[in-house]
Amino acid sequence: MTEFEFAKKIEELGGTAYLVGGAVRDKIRQVPAHDRDYCITGLEEKIFAENFPQALKFGKSFPVYSVSIDEKFCEVAFARTEKKIGAGYKGFSVCFDKTVTIEEDLFRRDTTINAMAVKILTGKVTDPFGGREDILNKKIRAVSKHFVDDPVRALRAARQSAQFDFEITPETLLAMNQCAKELSEEPRERIFAELENALKTAKPSKFFRSLESANL
């Protein structure tokens with residue numbers, strides 16, 4: 001099944017399929033994308049599961065499916081919103097019904113360069129938070145005040161800075177600093193995963209200097 005065929009079938013079922021995340025960011029940066037992730041709006045999970053019986057479901061808090069698209073297994077998630085109700089990355093109430101819009105889904109994401117979507121059938125780009133401009137200006141910027149809801153986003157922003165050689169905006173450094181208390185209580189494997197990815201970048205030192213700038 002090609003990407004277009006996948007999107008067309010989703011549309012026939014009443015939904016809309018978007019390309020999201022790193023693949024959109026990398027397209028704007030004009031570099032090859034390693035993974036292609038998709039987001040679906042306007043469609044009930046039950047209908048999706050009935051029409052894509054080969055899709056493998058995983059995820060506990062919200063459904064994510066692994067679907068073979070263009071001969072590669074890709075993640076397909078339903079648009080969702082998140083509300084902070086407790087500590088850490090598990091302290092969220094999640095809503096993923098068919099009324100959630102792509103803009104609402106992008107709002108919950110970490111930085112603007114990761115908060116863009118492309119409607120597959122038309123190629124239209126949804127960029128409500130200025131991600132394209134931040135890519136062109138080489139800036140790492142938090143999408144909203146909800147950046148601090150998941151403390152590991154502080155490490156993720158520092159890693160993105162090292163990965164792309166972008167500068168973190170002052171307001172985002174402040175938000176990173178506000179993650180300090182909850183970050184110290186996060187599972188070690190989450191922290192190590194970001195550290196490991198940072199050490200694989202071309203400029204690992206930028207990761208540590210960014211954390212230093214945020215007093216982390």
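Remarks
- Any pair with Cβ under 9 angstrom, 6 or more apart, that starts in region 22-38 at a residue that is within 15 Å of THR112 (Cβ to Cβ) and at pLDDT below 95 and ends at one that is open to solvent by 60 Å² or more (accessible area, probe 1.4 Å) and in a helix (DSSP H, G or I): ILE28/ARG132; ILE28/LEU136
- All of LEU19, LEU106 fail the test of being in a strand (DSSP E or B) and either among the hydrophobic types (A, V, I, L, M, F, W, C) or over 18 Å from the mean Cα position of the chain (by Cα) (or both), apart from LEU19.
- Total residues in region 127-155 satisfying the condition of being open to solvent by 20 Å² or more (accessible area, probe 1.4 Å) and either acidic (Asp, Glu) or over 25 Å from CYS179 (Cα atoms) (or both): the figure is 6.
- Yes/no for LYS46 being more than 20 Å from ALA117 (Cα to Cα) and within 18 Å of the chain's Cα centre (by Cα): no
- Residue match in region 64-78 (condition: among the aromatic types (Phe, Trp, Tyr), open to solvent by 40 Å² or more (accessible area, probe 1.4 Å) and either modelled with pLDDT under 95 or not in a loop (DSSP other than H, G, I, E, B) (or both)): yes
- Residue within region 94-109 that is crowded, with 16+ Cβ neighbours inside 10 Å and in contact with a helix residue (DSSP H, G or I) (Cβ under 6 Å, 6 or more places away or on another chain) present: no
- Filtered residue count, region 123-140, keeping only those that are closer than 14 Å to VAL24 by Cβ, of a type outside the set (Lys, Arg) and assigned to a loop (DSSP other than H, G, I, E, B): 5
- Of all residues making up region 188-209, the number that are in a helix (DSSP H, G or I) and either open to solvent by 70 Å² or more (accessible area, probe 1.4 Å) or in contact with a Lys or Arg (Cβ under 6 Å, 6 or more places away or on another chain) (or both): 11
- Residue count, region 162-187 (criterion: outside any loop (DSSP other than H, G, I, E, B) and on the phi > 0 side of the Ramachandran plot): 0
The values are calculated or read from the model by the stated rules, or taken from the named source; none is laboratory data. What you see is a predicted model, and the numbers here were worked out from it, not measured in a lab. We place every Cβ from the backbone using ideal geometry, glycine too, and count neighbours over all the protein chains shown. We work out accessible area using only protein heavy atoms, side chains counted, and drop any ligands, DNA or RNA first. Shrake-Rupley method; radii C 1.70, N 1.55, O 1.52, S 1.80 Å.
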